[in-house]
Each structure stands twice: as C-alpha cells, then as structure tokens.
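For reference, the structure is listed below as structure tokens.
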Amino acid sequence: MPAVILRLLPEREDNLSVEEQRQNLRKLANLAGGRKRNVARIEDFSIPGPAGAIPVRLYDPAPEETLPLILYYHGGGWRSGDLESHDKICRRVARICSSRVLSVGYRRTPEHRFPAALDDAYTALQWACQQSSTLDFDPQRLIVMGDSAGGNLAAAVALRSRDEQGPPIRFQVLIYPVLDLANTERPSYLDFSEGYLLTRRRMQGFIADYVPDEQMRARPYASPLYCDNPEGLPPAIIFTAGFDPLRDEGGAYAKKLEAAGVPVHYHCYEGLIHGFFGLPFFGPKSTRAIRNIDYILKREV
C-alpha cells in the first residue's frame with residue numbers, strides 16, 4: 001500500500017471549507033485514479049429533478065448496441081464527490097462491464113440534507129426506466145451501483161423501488177457501502193479509526209451533515225441495514241475492504257440479505273483500504289474488482 005497516497009488527503013478536514021474538501025477528492029482521483037480510459041461516447045446533460053435539474057453524465061462504450069444500463073451514484077460522504085471525481089471510475093466500469101453508465105450528480109450536503117440525495121437518486125432511476133428506448137438499453141438489465149455514500153444511495157434506491165413498486169432493478173452493486181448511520185462503534189470503526197484514509201471522525205461528520213436528526217439515522221432509507229424485511233430486494237454484489245471502518249456493516253448487510261433469501265455475492269478485499277475501487281494506483285485488485293463485477297453480471301444478468 002503506497003503510503004504517499006494516504007498523505008494526499010489530510011485526515012483532519014475540520015479547518016477546510018466544503019469546496020476545499022471537494023477539490024481534495026478530485027485531486028486524489030486525478031493523481032491516483034489511473035489513466036483516463038477512452039469511451040466511444042460521453043455526454044453531459046441534465047434531467048428533471050424534484051428540486052431542479054439533476055446533472056448526469058452518460059458513458060456509452062458501444063453506441064450501436066443495446067446494452068445494460070448501470071446507474072452510478074458517486075461516493076464522497078454525500079458531500080465531496082461529483083461527476084468529475086468519479087469520471088475515471090465510470091469510464092472503467094463502462095468499458096470493462098460493457099454497459100452504458102449513467103453517473104448521477106445528486107444534491108449534496110451540507111447544502112441539502114437527507115432525503116434530498118435519495119430523492120434525486122430515485123428520480124434518476126425512474127427517469128432512466130422511462131427513457132430506455134432513447135438510451136437504448138435493455139430495461140430488464142437495469143443495475144444500480146455506488147461506492148461508499150453512493151453505495152448507501154444504491155441500496156436505499158433498491159429498497160424504495162421495491163416498496164413503491166418502482167422500476168425493476170436487476171442487480172444492486174454496493175462498493176464498501178455506508179449502511180448503518182446509527183452505529184459507529186462496530187469493531188471495524190474502532191480498529192481503523194485513523195490512519196487508513198477514511199477516519200471514524202470524518203465519517204461521523206459526514207453522517208451528521210447528511211442526517212442531523214439522530215432519531216432518523218436508523219430509518220431504512222437512511223440506513224438500509226435497518227430494513228425489517230429484505231425479501232424481494234434485487235440480488236446484490238457487496239464488496240468491502242479489510243482496513244475500512246465500513247467493513248463490518250457491509251458484511252452484516254450481506255448476511256441479512258442472504259438470511260432473507262436474496263442472492264448475494266460478497267467479498268472482502270483483505271489488505272485494502274476504503275477508496276481502493278477508484279484508485280488503481282493501489283494495485284491490480286482495483287481493476288480485478290470491476291472484472292469480478294463484470295463476471296457476475298454477465299453470468300446472471
């Protein structure tokens with residue numbers, strides 16, 4: 001694990017403005033996110049949202065083919081990430097998974113609190129389903145994917161779509177997701193509280209910004225791990241990292257889904273830290289994780 005990467009972002013961001021934090025994440029993605037892979041067509045536009053236009057970016061690796069569609073929700077603590085910070089990730093996912101990828105620029109904290117991000121994420125799902133012919137994707141192969149806070153949104157979107165009889169989701173892909181906003185006392189939170197890029201203190205700050213009301217943090221749409229009945233949710237791919245404060249809640253959600261009869265592909269990438277999915281600088285396991293997703297989706301979707 002290159003120690004220099006761990007020094008690219010300060011563990012204490014208390015004295016930084018929100019915009020400086022966002023710039024830091026974009027800097028990290030630029031320096032350690034690998035090459036910017038070519039994609040046949042990339043288009044920026046916006047879609048109607050509940051509080052105004054939602055910016056999105058479409059990655060199309062094969063414009064002449066009907067492909068699956070992956071809705072990608074970026075990470076960054078509901079605060080720091082954006083379409084730019086996750087541009088290289090989406091390029092790699094589109095190419096390796098042979099899928100169109102629609103990256104969603106949902107509303108962020110601290111300007112917008114829960115459930116603003118979820119409302120935008122769910123609206124994007126509804127819009128995409130309505131536009132399947134225009135986007136030229138197979139509506140039976142609609143996938144939601146996200147990393148960290150984006151994994152939280154992907155899981156919550158899957159839950160909400162089931163509850164509201166919304167668009168059918170074929171798979172949910174959750175990369176080191178945030179699934180429990182009410183408990184930062186799990187062993188992985190305590191064991192990796194500092195020194196592994198994402199800290200317990202920073203995560204607590206993200207949570208406080210996203211859901212200021214502590215009583216709301218255990219609601220399933222904020223914390224999918226508290227869903228009473230996971231039956232009927234789409235099959236899941238859940239990847240966690242061995243040295244990540246969020247490791248334990250990802251594993252707990254995998255077990256909960258499995259107990260309810262939901263097919264789950266769970267893997268913990270030992271020896272890696274939070275953020276590895278978008279940082280191929282850490283080694284081949286980053287690309288291997290995307291190839292594993294591709295293998296599962298091609299076999300089952």
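Read-outs throughout are calculated quantities, based only on the coordinates presented, and are distinct from any laboratory measurement. The shown structure was predicted, so the numbers you read here are calculated from the model rather than taken from an experiment. Every residue, glycine among them, receives a Cβ derived from its backbone with ideal geometry; neighbour counts consider all protein chains shown.
Backbone phi angles across region 155-171, fed through the Karplus curve with coefficients 6.51, -1.76 and 1.60 (θ = phi - 60°), yield HN-Hα couplings of 5, 5, 4, 4, 5, 5, 5, 5, 5, 9, 6, x, x, x, 9, 7, 8 Hz in residue order; Gly and Pro are listed as x. Couplings 3J(HN,Hα) for region 73-88, derived from phi with the Karplus relation 6.51 cos²θ - 1.76 cosθ + 1.60 (θ = phi - 60°), are 10, 6, x, x, x, 6, 10, 9, x, 7, 4, 6, 5, 10, 4, 5 Hz, where x marks Gly and Pro. Ranking of D119, D138, D60 by neighbouring Cβ atoms within 10 Å, starting from the fewest: D138, D119, D60. Cα to Cα, under 28 Å, and not fewer than 8 places away if on the same chain: which lysines meet these conditions relative to K88? Correct list for K88: K27, K36, K285, K298.
Across region 3-300, the relative contact order, built from alpha-carbon pairs under 8 Å that are at least six residues apart, equals 17 percent.
Amide H to amide H, with H built 1.01 Å from N, L272 comes under 5 Å of G242, F243, counting only residues 5 or more places away or on other chains. As a calculated quantity, the FRET efficiency between D228 and R113 at R0 = 25 Å, using C-beta atoms, amounts to about 0.55. As a proxy for reagent exposure, S99, S17, S85 were ordered by neighbouring Cβ count within 10 angstrom, fewest first; the result is S17, S85, S99. Neighbour counts of other Cβ atoms within 10 Å put S161, S193 in the fewest-to-most order S193, S161. Backbone amide hydrogens, once placed in the peptide plane, bring V173 within less than 5 Å of V144, M145, G146, I237, excluding anything fewer than 5 places away on its chain. Karplus-based coupling profile of region 33-43, in residue order and whole Hz: x, x, 6, 7, 6, 6, 10, 3, 9, 10, 9, with θ = phi - 60° in 6.51 cos²θ - 1.76 cosθ + 1.60 and x standing for Gly or Pro.
Full extension of the chain between N30 and E270 gives 83.9 nm of extra length, using 0.36 nm per residue less the Cα-Cα distance. With kT/(6 pi eta Rh) evaluated at 20 °C and eta = 1.002 mPa s, and Rh the Kirkwood radius from Cα pairs, the chain diffuses with a coefficient of 114 µm²/s according to Stokes-Einstein.
Taking amide H as placed 1.01 Å from N in the peptide plane, G49 has its amide H under 5 Å from the amide H of I54, each at least 5 places away in sequence or on another chain.
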